[in-house]
Amino acid sequence: MKRKLVIIGAGMASGRVLEHLLAAEPEGWDVTLFNAEPRGNYNRIMLSPVLSGEKTYQDIVTHDDDFYAQHKINCRFGEAVVRIDRENKVVYSNEGGAPYDKLLIATGSAPFIIPVPGHDLPGVITYRDMDDTQAMIDASDKPGAKAVVIGGGLLGLEAAAGLKARGMEVAVIHLMGHLMERQLDPAAGYLLQKDLEARGITVHCKGATKAILGTDRVEAVLLDDGTVYDADQVCMAVGIRPEVRIATDAALEIGRGITVNDQMVTSDPDILAVGECVEHNAQLFGLVAPLYDQAKVVAATLLNKDAAFQPVQTATKLKVTGVDLFSAGDFADANGREDIVFRDPARGVYKRLVIEDNRLIGAVMYGETGDGSWFFGLIKDGTDISDMRDTLIFGPAYQGGTGADPLAAVAALPLDAEICGCNGICKGTIVSAIEGGATSLADIKAQTKASASCGTCTGLVEQVLASTLGDAFKMPAAQPMCGCTDLTHEDVRRLIKARELKSMPAVMQELGWKTSCGCHVCRPALNFYLLADWPEDYHDDAQSRFVNERNHANIQKDGTYSVVPRMWGGMTNPRELRAVADAADKYDIPAVKVTGGQRIDLLGVKKEHLPDIWADLNAAGLVSGHAYSKGLRTVKTCVGTDFCRFGTQDSTGLGIKLEKRLWGSWTPHKVKLAVSGCPRNCAEATCKDVGIVCVDSGFEIGVGGAAGMDLKETERLAKVATEAEAIDLTVAFVQLYREHAKYLDRPYKWLAKVGLEWVQAQIVEDMDNRAALIKRFDLSQTIYQRDPWADRATPQARADFAPLADLTKEAAE
Amino acid sequence: MNWPNQNWLDIGALNDIPQRGARVVKTVHGCVAVFRTGDDQVFAIDDRCPHKGGPLSEGIVHGHAVTCPLHNWVFSLETGMAQGADEGAVATYPARIEGGRILLDAKRLIRGAAA
Ligand SMILES: Cc1cc2nc3c(=O)[nH]c(=O)nc-3n(C[C@H](O)[C@H](O)[C@H](O)COP(=O)(O)OP(=O)(O)OC[C@H]3O[C@@H](n4cnc5c(N)ncnc54)[C@H](O)[C@@H]3O)c2cc1C
Ligand code: SF4
Ligand code: FES
């Protein structure tokens with residue numbers, strides 16, 4: 001007698017089960033197939049090509065009416081099962097019941113909906129089935145229609161690309177810092193974002209959806225940061241969770257999914273489960289490869305054969321035509337793991353392999369994924385890769401058994417391989433130049449133009465020299481920024497501007513960084529370069545700043561902080577002094593000191609008190625003195641004409657004006673100014689970064705002084721007649737320094753490299769350039785001249801500065 | 001708080017710590033620094049640098065390592081070992097993430113680093 005098999009869900013997993021089962025035992029089963037969707041099994045993963053118009057629904061049907069008829073399957077499509085009666089072994093839909101000997105639950109997943117206001121407005125959909133896909137296709141019919149996709153993971157991006165291909169204007173909102181963060185690292189995420197933006201898709205990372213707006217229908221999406229995107233259609237693709245409702249009601253054992261054993265049997269021996277709805281060994285499944293393995297096991301179990309399900313590694317590809325992306329295995333940083341990173345900025349190629357114990361355990365690839373399956377094989381098989389380590393990243397084509405010569409990969413490159421992307425120079429051209437007598441990088445640059453433009457291929461050119469000339473070539477030792485790159489600070493600065501690199505992942509990708517997220521040496525420098533060069537585009541990264549700049553206070557050797565309010569030009573008054581004294585009392589400040597920069601330092605403040613003391617000082621009109629910053633510190637002044645009998649100009653007034661103009665600006669290193677009222681120089685202006693000495697006929701401006709580890713007198717930049725000109729020159733000088741100096745070079749060190757004459761040519765003689773520098777400085781100030789104390793005297797900041805948890809009381813019990 | 005019946009103690013949300021950042025948890029034995037790395041893993045180590053006591057929670061986080069803010073010693077967040085030429089180590093504590101919450105092993109926190 002035929003046994004009765006009831007299947008709930010006609011999805012990708014149950015389709016496979018049917019094939020295996022009916023192939024082995026065509027006449028053994030009387031199958032009833034329920035499906036909530038009004039259709040049978042189709043290839044869900046191909047919905048994206050249907051959405052983009054590259055395929056039709058008919059193309060993706062996997063089991064058609066003929067198949068069901070031939071196997072006499074009782075199809076109950078459009079009927080959702082609402083109850084399982086385990087005692088009597090019957091399942092029910094609203095239209096009636098069906099008895100079973102064996103039951104297979106294959107209900108897949110339900111998309112997650114973030115419960116923001118407006119999530120239930122018409123026009124808000126998820127992306128899971130053919131109906132969703134059709135709804136999006138219909139929405140795109142309206143000319144000029146706009147879509148917002150919430151979620152920048154696999155599904156969201158496929159939806160976005162599909163909608164764009166249908167002619168909609170598309171914005172993707174993604175909560176995390178980079179796209180597809182579960183499959184990609186920041187570098188690959190950056191390349192992906194660049195590719196999508198090049199197609200005209202707007203990408204908004206770090207965007208938290210606050211509400212979906214509209215009256216009868218969706219009209220727009222509002223983010224936490226206030227951004228609003230107009231939308232005729234919103235697609236939420238923020239994640240899925242196993243569809244377990246009927247199993248829960250039937251009191252089957254449930255974790256996050258329906259719990260199954262290795263045979264895919266649930267806690268009820270007559271009920272099996274398969275697909276995304278199951279949980280096996282605490283693991284859930286969201287890709288089809290493991291589901292197909294499960295399907296084989298389900299069929300075997302039903303046939304009373306031995307089989308056990310074992311999860312396999314999965315690999316991901318994004319099905320967006322023209323985007324090449326591959327990720328597999330585990331690519332998190334960890335101890336004992338090593339990275340091999342390859343970047344070809346000119347072609348937008350990024351490859352990263354993660355190695356542990358001489359085995360490949362993870363791979364991320366962007367732009368060129370042809371070798372993906374070969375790497376995936378190495379991961380799955382746990383192959384020992386020690387022998388091919390040096391050339392591994394070049395893929396199977398270079399595994400000729402040449403051994404461990406680090407230059408082998410370059411030596412193995414074909415002659416038509418492009419080395420210099422800027423000038424289109426192939427390896428062959430360089431080799432013939434070498435054969436013609438070139439022996440140095442300079443020769444190659446002069447003769448072929450290779451590495452003569454952006455310079456990023458310098459290393460490769462040198463390797464071609466080394467592999468062609470052998471011992472006759474000595475690799476030069478430039479002083480690179482840090483271990484993450486071979487480029488110098490100066491090169492990096494130049495390339496950031498020349499190639500308009502506006503984010504940290506952009507710099508790291510385009511300039512071939514060797515680590516995935518930099519280090520404590522390069523990140524603070526890059527953060528400064530980017531904010532100085534692109535004040536409007538770049539977002540300051542607190543986590544790439546040293547502790548003092550992150551916490552806006554100077555850390556002391558015992559872990560407490562010092563707090564210094566600004567006293568403009570060294571001037572203060574009883575009200576401010578009272579506020580400082582009150583704060584010192586209230587927060588039990590152990591030491592109060594007058595600094596060398598004419599202000600008052602409160603030493604020994606606990607970190608969690610910082611936002612409170614700032615709020616108190618703010619209330620008295622005091623703002624941060626930036627005593628901790630690589631930025632403008634103080635403008636020291638003497639009393640000048642107001643009180644001193646020798647004074648020639650209002651030195652205090654000029655000092656205050658300069659400080660008000662320059663405060664809050666970030667610079668490569670700290671910047672200190674002083675203004676003295678006469679050559680007696682009571683403000684010690686001649687050892688400052690910029691020092692102005694007033695004389696009867698005007699103002700003498702000196703630059704590049706130092707009174708620290710090095711002692712140096714300022715050099716005369718210019719003498720000007722008016723106060724306005726003195727201010728202009730000072731601002732232009734600071735901006736020139738901001739734009740050109742190496743991070744952590746004080747102005748005197750930078751001047752020693754570029755020369756005073758060059759600086760004079762830029763800002764004293766070239767009036768247009770002076771004006772342009774001032775304009776750029778002022779633009780930057782519109783963004784960065786903010787009191788960091790006022791910004792942080794908020795409940796959120798208070799919470800951030802406090803310990804995450806205090807267990808001292810509990811542990812004492 | 002689940003304390004003291006359970007070993008795993010919920011000390012806060014993952015999002016309370018910025019990526020590549022850290023926060024401290026106060027214990028009777030001193031502060032423990034809880035780090036969130038760029039790839040969203042959490043690690044807990046003593047907040048005192050063995051060199052001169054620098055607060056490691058205030059260092060720059062890169063990969064699975066942190067650089068001490070005072071004199072730039074670099075420590076592995078996984079093993080607590082100083083990297084490169086420097087010698088020394090800090091205690092590490094079991095930490096994990098579940099459903100967006102950070103869990104630390106309460107027993108280890110009470111026993112402190114010495115045990
Ligand atoms: C747009 C898209 C693209 C994807 N791309 C990929 C990819 O490239 N690679 C990859 O590996 N995976 C991809 N996936 C994931 C893949 O489709 C799923 O892993 C797979 O479909 C899960 O199979 P399943 O049988 O468990 O569930 P499903 O295929 O979802 O089938 C479950 C079926 O059960 C029905 N059902 C649910 N509850 C009931 C009920 N109570 N009564 C009756 N019927 C019910 C549902 O209507 C559904 O038809 C993609 C998914 C989507 C949506
Ligand atoms: S610098 Fe000249 S003007 Fe200023 S206080 Fe000294 S003597 Fe007076
Ligand atoms: S205290 Fe940490 S390096 Fe010195």
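Here the average projected area of the convex hull drawn through the C-alpha atoms of segment A:509-579 stands at 7.9 nm². Among the listed pairs A:LYS657/A:LYS742; A:LYS607/A:LYS630; A:LYS606/B:LYS52; A:LYS636/A:LYS742; A:LYS146/A:LYS351; A:LYS502/A:LYS712, a Cα-Cα separation exceeding 30 Å is found for A:LYS146/A:LYS351; A:LYS502/A:LYS712. Across segment A:248-291, the fraction of Cα-Cα pairs farther apart than 15 Å, rounded to a whole number, is 32%. For the pair segment A:498-551 and segment A:1-43, the centres of their Cα atoms are 55 angstrom apart.
Converting the Cα gyration tensor eigenvalues of segment A:762-812 into ellipsoid dimensions via √(5λ) gives semi-axes, longest first, of 48, 11, 6 Å. Once the convex hull of all Cα atoms in chain B is built, its volume per residue stands at 91 Å³. Counts of other chain beta carbons within 10 angstrom of each beta carbon in peptide A:791-803 average 2.
Taking 0.36 nm per residue of separation and subtracting the Cα-Cα distance, full extension of the segment from A:GLU253 to A:LYS142 would add 35.2 nm.
Per-residue shielding of A:180-192, expressed as the average number of other chain Cβ atoms within 10 Å of the residue Cβ, stands at 1.
Per-residue mean of foreign Cβ neighbours for B:78-88 is 1 (Cβ atoms of other chains, 10 Å radius). When only alpha carbons of segment A:130-237 are considered, Rg and Dmax amount to 13.2, 41 Å. Helical runs (DSSP H, four residues minimum) scored at -39500 (n - 2.57) apiece and divided by the length of chain B put the mean residue ellipticity at 222 nm at -1000 deg cm²/dmol. By other beta-carbon atoms within 10 Å, ranking A:ARG245, A:ARG343 with the fewest at the front produces A:ARG245, A:ARG343. Kirkwood analysis of segment A:101-143, using all unique Cα-Cα pairs, places the hydrodynamic radius at 13.0 Å.
Here segment A:477-626 yields Rg over Rh of 1.11, to two decimals, using C-alpha coordinates and the Kirkwood radius. Fewest neighbouring Cβ atoms within 10 Å first, the residues A:ILE444, A:ILE73 line up as A:ILE73, A:ILE444. Each Cα pair under 8 Å and six or more residues apart adds its separation to the average, and for segment A:1-83 the resulting relative contact order is 37 percent. Each DSSP beta bridge with both residues in segment A:673-813 is either parallel or antiparallel, and the antiparallel ones are about 75%. Any idea how far the Cα center of segment A:715-760 sits from the one of segment A:795-810, in Å? First find each Cα centre; the distance between them is then 44 Å. Give, as ranges by residue number, the residues of segment A:240-283 whose backbone N falls under 14 Å from the point 7 Å along Cα→Cβ of B:ASP40. Only A:240 fall inside the zone, counting backbone N under 14 Å. In segment A:162-296, the DSSP beta bridges split such that about 60 percent are antiparallel, to the nearest 5.
What share of the DSSP beta bridges in chain A is antiparallel, in percent to the nearest 5? Once the DSSP bridges in chain A are tallied, antiparallel ones form about 65 percent. Computed from the Kirkwood radius of its Cα pairs, the Stokes-Einstein diffusion coefficient for segment A:1-121 at 37 °C and 0.692 mPa s stands at 208 µm²/s.
Using every pair of separate Cα atoms, the Kirkwood estimate puts the hydrodynamic radius of segment A:680-799 at 15.8 angstrom. Neighbour counting of Cβ atoms within 10 Å sorts the residues B:TRP73, A:TRP758, fewest neighbours leading, into A:TRP758, B:TRP73. For chain A, the equivalent ellipsoid built from the Cα gyration tensor has semi-axes of 62, 36, 24 Å, listed from largest to smallest.
Summed over all non-identical Cα pairs, the Kirkwood treatment of segment A:196-327 gives a radius of 18.3 Å. Over the C-alpha atoms of segment A:583-651, the Rg to Rh ratio, Rh being the Kirkwood estimate, stands at 1.09.
A short reminder: the numbers here are calculations on the coordinates, not readings from a lab. Since the model is a prediction, treat every value here as computed from it, not as a measurement. Counting neighbours? That spans all protein chains shown, and the Cβs are built from the backbone with ideal geometry, glycine included.
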